[in-house]
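Take a look at the structure below.
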């Protein structure tokens with residue numbers, strides 16, 4: 001299984017290189033990173049993986065369209081009131097892929113994190129299921145969970161904010 005930080009590093013390496021496409025297999029999972037012909041942005045895609053037997057089966061509506069990556073430039077974000085000014089200082093934990101968001105490791109279990117919890121770089125905050133593969137998402141920042149932006153079991157898009165964290 002690929003970890004988020006490994007995927008991010010591979011994307012950075014491909015972006016800085018002259019490679020147009022990179023395909024890697026690890027523990028039965030294959031990762032394809034391809035540079036789009038018309039854009040400088042790289043979108044990682046999981047091509048094939050082996051199912052995890054220990055996780056409960058979850059039915060998911062089929063995806064019919066490609067996810068659109070949304071990026072916000074810090075220069076474009078101009079707070080207009082006190083709440084927005086406070087939000088501008090918060091770190092967003094975003095989804096690295098399209099999938100189903102789960103706040104807990106299994107149905108009925110305690111959530112990974114709740115509003116007000118302290119997290120570190122390696123704290124698992126949720127799971128994003130993509131093609132029956134459960135991907136643990138780590139905070140990658142030290143701070144406090146201020147807000148959970150997605151409800152358990154809902155579909156998320158690539159780059160969609162999942163949590164707001166007040167950095168320490």
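Annotations
- Label-to-label distance, nm, for residues given as residue 152 and residue 24 (7 Å Cα→Cβ offset): 3.3
- Difference of contour (0.36 nm per residue) and Cα-Cα distance, residue 8 to residue 92: 28.7 nm
- From most to least packed by mean Cβ count within 10 Å, the peptides 151-163, 103-115, 127-139 give 127-139, 151-163, 103-115.
- Contour excess over end-to-end distance, with Cα ends at residue 166 and residue 120 and 0.36 nm allotted per residue: 15.4 nm
Values in this text are rule-based calculations from the coordinates and carry no lab data. Treat the numbers as computed from the prediction; the structure is a model and nothing was measured. Please note: Cβ atoms are built from the backbone with ideal geometry, for glycine as well, and neighbour counts cover all protein chains shown.
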